[in-house]
Amino acid sequence: MRCVYCRERAGFLRRVCSPCSKVVAIVDRAGGEVGLAGLVDIFVAEGLSKERVDVVLDAQVGDAPTIRDRLTSNMTNHLMRNLGMPGRQSPEDVMKVRTSMRSGGGAGTWVGGEEPPEHH
């Protein structure tokens, strides 16, 4: 089988290869408890390359949000709660914003260096 994250060989019955499963395990174990800098330190200590980590964090597996969407949601909610606001950003919300920005759609979206669109 091919790994669902990097598309490399994962093994006969495995859906995730060893390096990618290590990234997922680290995020699952520490993702909500440490910040991004802490996660980077753990990835480096485990000998994982930036490229491998990015592939796993950005992999779109089915219709589910990416792991990076989940991390972004957690960070946003944590920040909002620390500012005294309710944190209600779901990973699905982050995915919608990300895909909308990627496709250039959505009201109020413009490319850097351009003037914002005028509302009539």
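The values are calculated or read from the model by the stated rules, or taken from the named source; none is laboratory data. If you're wondering where the values come from, they're calculated on a predicted model, not measured in any experiment. Because the Cβ atoms are built from the backbone with ideal geometry, glycine has one as well, and the counts that use them run over all protein chains shown. Protein only, heavy atoms only, side chains kept; ligands, DNA and RNA dropped before computing areas. Shrake-Rupley method; radii C 1.70, N 1.55, O 1.52, S 1.80 Å.
Number of residues in segment 22-64 that are of a type outside the set (A, V, I, L, M, F, W, C) and within 21 Å of ARG102 (Cα to Cα): the value is 6.
Every residue, every condition in (1) open to solvent by less than 90 Å² (accessible area, probe 1.4 Å); (2) more than 15 Å from the chain's Cα centre (by Cα); (3) of a type in the set (Lys, Arg); (4) modelled with pLDDT under 90, yes or no:
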| residue | (1), (2), (3), (4) |
| --- | --- |
| GLY11 | yes, yes, no, yes |
| GLY35 | yes, no, no, yes |
| GLY38 | yes, yes, no, yes |
| ASP41 | no, yes, no, no |
| VAL44 | no, yes, no, no |
| ILE67 | yes, no, no, no |
| HIS78 | no, yes, no, yes |
| PRO86 | yes, yes, no, yes |
| GLY108 | yes, yes, no, yes |
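Close contacts from segment 38-54, counting a first residue that is of a type outside the set (Gly, Ala, Ser) and a second that is outside any helix (DSSP H, G or I), with Cβ to Cβ under 7 Å and a gap of 6+ residues or different chains, come to LEU39/GLY31.
Hey, any hits in segment 47-70 for a residue that's among the basic types (Lys, Arg) and either within 17 Å of PRO91 (Cα to Cα) or assigned to a loop (DSSP other than H, G, I, E, B) (or both)? Scanning segment 47-70, I find at least one residue that is among the basic types (Lys, Arg) and either within 17 Å of PRO91 (Cα to Cα) or assigned to a loop (DSSP other than H, G, I, E, B) (or both), so the answer is yes.
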